[in-house]
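The values are calculated or read from the model by the stated rules, or taken from the named source; none is laboratory data. Note that the coordinates shown come from a computational prediction; the quantities given were computed from them, not determined experimentally. Here the Cβ is made from the backbone with ideal geometry for all residues, glycine too, and neighbour counts use every protein chain on show. Please note that ligands, DNA and RNA were not included when accessible areas were found on the heavy atoms of the full protein model with its side chains. Shrake-Rupley method; radii C 1.70, N 1.55, O 1.52, S 1.80 Å.
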Amino acid sequence: MYKKSRILYAKPSISEKEVSYVLDAVRNGWGETCYEWLERFEQKFCKYVGTKHAIATSSATGALHLGLAALGIGQGDEVILADTNWIASVAPSVHLGANPVFVDILPDTWCIDPVHVEKSITPHTKAIIAVHLYGNLCNMDALEDIAARHHLHLIEDAAEAIGSRWGNCRAGSRGTFGVFSLHGTKTVTTGEGGVLVTNNDELAVKARMLNNHGRAAGDKRQFWADCVGYKFRMSNIQAALGCAQMERVEELIARRREIFFTYKELLRGCSSISMNPVPKKNEEYGYWMPTVVFSEESGVLQRHVLAAFQTENIDGRAFFSPLSKQAGFLSRPENINSWNIALRAVNLPSYHDMTDEELERVGHVILGMIGRKS
Ligand SMILES: *Cc1c(COP(=O)(O)O)cnc(C)c1O
């Protein structure tokens, strides 16, 4: 039987530029020039996001860990975040000894609900982690207001939100600090990698010091640490790849948008399906993951869609299950939207080089789920 080619859900876009920069780093980026690509990458990233500082790391998880540690978040502190999340957004808080408090999401953006945030604040609360899920933006105006009134740090996990912005202000640049992921599935990639961005000089110095095993910048003593730190650094070779990707960032983001709107057009007029929301006035999304949510009335569940994808040789990607259902966290079924939407939602394959034919194949499966063959 003729077998259709596999459609992956994510794949980076690698041009000759990436290849040539990486070759240069591998051939020449040693000794005195061992940090050249890294410095270049950090400058490009700062400039793009519009923050004073960017610190390249080995992952977004590492960047989040560094930033939280630099803020002194630890034992007994409470950190509020949305129940609908990837485990990476909460793991650093747990490792630092803080207690995560999972709150419900908004039904339209699938991002943290500010009303629930405010209700969950206790004297132990130290921070809110706002995750811009799939590139949809959190309601930062409301979160900033809450954080200011309660003297909390507002942290942006913009791992999925490169390209998302409010006017000229980019996701990741508004919080005490922000983090981005450069994992192979993300819009901009270095294979594995992350970035911590901030406008706070003191925080940047502290995070760099912690990321260098607790050695202060400029300390002339060799192998001398001021505290026990971390080592979440990015290599110069990965940074070379990152430089090429950042020089193509507008192209990479434009293609994500194009893919999202192609799906939206393919699924147009289908009232049982909703997709990533329409950005509010002045907002723009990077559309990392085009997502479909089937209505309750449709009876279509995530597992049905994933099974149909498998039959069609399409890589399925489940919408995030609530963290409070997993990993021994306190169960919070009262987070109704988080618990309910996940059962009916999937992310659609989307990568730079996807063909129209592949997009149509995916769209066809989705439409077929509700008995309306395209
Ligand atoms: C991908 C992702 C992370 C983790 O990124 P790594 O670079 O793999 O550590 C964290 N938060 C969110 C929201 C992500 O999507």
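Residue count for region 235-274 under the criterion of being under 22 Å from the mean Cα position of the chain (by Cα) and not in a helix (DSSP H, G or I): the result is 3. Going by what's in this entry, would ARG165 be described as closer than 27 Å to ARG317 by Cα and among the basic types (Lys, Arg)? Yes: the conditions hold for ARG165.
Among the residues of region 192-220, those that are in a loop (DSSP other than H, G, I, E, B) and of a type in the set (A, V, I, L, M) comprise ALA216, ALA217. Is it the case that ARG174 is open to solvent by 10 Å² or more (accessible area, probe 1.4 Å) and in a loop (DSSP other than H, G, I, E, B)? Against the criterion (open to solvent by 10 Å² or more (accessible area, probe 1.4 Å) and in a loop (DSSP other than H, G, I, E, B)), ARG174 qualifies.
All conditions but one from (1) buried (at least 17 other Cβ atoms within 10 Å of the Cβ); (2) in contact with a Lys or Arg (Cβ under 9 Å, 6 or more places away or on another chain); (3) of a type in the set (S, T, N, Q) apply to SER59; the one that does not is (2).
Among the residues of region 91-106, write down those that are open to solvent by 30 Å² or more (accessible area, probe 1.4 Å) and either away from the ligand (no atom under 16 Å from the Cβ) or over 30 Å from VAL205 (Cβ atoms) (or both). Within region 91-106, ASN99, LEU106 meet the criteria. Among the residues of region 74-90, those identified as surrounded by 20 or more Cβ atoms within 10 Å (Cβ to Cβ), touching a Phe, Trp or Tyr at 6+ places or on another chain (Cβ under 9 Å) and of a type outside the set (D, E, K, R) are ILE80, LEU81, ALA82, THR84, ASN85, VAL90.
Which residue is nearest to the ligand (Cβ to nearest atom), if the candidates are limited to region 138-158 and must be within 18 Å of the chain's Cα centre (by Cα) and part of a strand (DSSP E or B)? The selected residue is ASP157. When ALA161, ALA56, ALA88 are screened for being in contact with a helix residue (DSSP H, G or I) (Cβ under 8 Å, 6 or more places away or on another chain), in contact (Cβ under 8 Å) with a residue 12 or more places away in the chain, assigned to a strand (DSSP E or B) and within 16 Å of the ligand (Cβ to nearest atom), only ALA56 passes. Note on region 120-134: residues that are in a strand (DSSP E or B), of a type in the set (Val, Ile, Thr) and away from the ligand (no atom under 15 Å from the Cβ) amount to 1.
Being touching a residue at least 40 places away in the same chain (Cβ under 8 Å), in contact with a strand residue (DSSP E or B) (Cβ under 6 Å, 6 or more places away or on another chain) and either over 19 Å from ILE341 (Cα atoms) or within 16 Å of the ligand (Cβ to nearest atom) (or both) holds for only one residue in THR51, THR109, and it is THR51. Checked against (1) within 16 Å of the ligand (Cβ to nearest atom); (2) in contact with a Pro (Cβ under 8 Å, 6 or more places away or on another chain), ILE259 passes all but a single condition, namely (1).
Consider region 178-198 and keep the residues that are open to solvent by 10 Å² or more (accessible area, probe 1.4 Å), more than 8 Å from the ligand (Cβ to nearest atom) and of a type in the set (Gly, Ala, Ser). The one that is nearest to GLU18 (Cα to Cα) is GLY191. For residues in region 291-300 being more than 16 Å from the ligand (Cβ to nearest atom) and in contact (Cβ under 8 Å) with a residue 60 or more places away in the chain, which is surrounded by the fewest Cβ atoms within 10 Å (Cβ to Cβ)? Within region 291-300, the match that is surrounded by the fewest Cβ atoms within 10 Å (Cβ to Cβ) is SER298. The requirement of being among the hydrophobic types (A, V, I, L, M, F, W, C) and surrounded by 13 or more Cβ atoms within 10 Å (Cβ to Cβ) is satisfied by LEU348.
Pull up region 116-158, narrow it to residues that are out of contact with any helix residue (DSSP H, G or I) (no Cβ under 8 Å at 6 or more places or on another chain) and among the hydrophobic types (A, V, I, L, M, F, W, C), then point me to the one that is surrounded by the most Cβ atoms within 10 Å (Cβ to Cβ). Of everything passing the filter in region 116-158, CYS138 is surrounded by the most Cβ atoms within 10 Å (Cβ to Cβ). Pairs meeting the criteria (first residue in region 273-290 and of a type in the set (Ser, Thr, Tyr) and open to solvent by less than 40 Å² (accessible area, probe 1.4 Å), second residue at pLDDT 95 or above and in a loop (DSSP other than H, G, I, E, B), beta carbons under 6 Å, at least 6 apart or on different chains) are TYR285/SER164; TYR285/PRO279. Residues in region 59-84 that are closer than 15 Å to VAL117 by Cα and within 11 Å of the ligand (Cβ to nearest atom): LEU81, ALA82, THR84.
When region 217-258 is filtered for residues that are among the aliphatic types (A, V, I, L, M) and surrounded by fewer than 16 Cβ atoms within 10 Å (Cβ to Cβ), the ones remaining, listed by number, are ALA217, ALA225, VAL228, ALA254.
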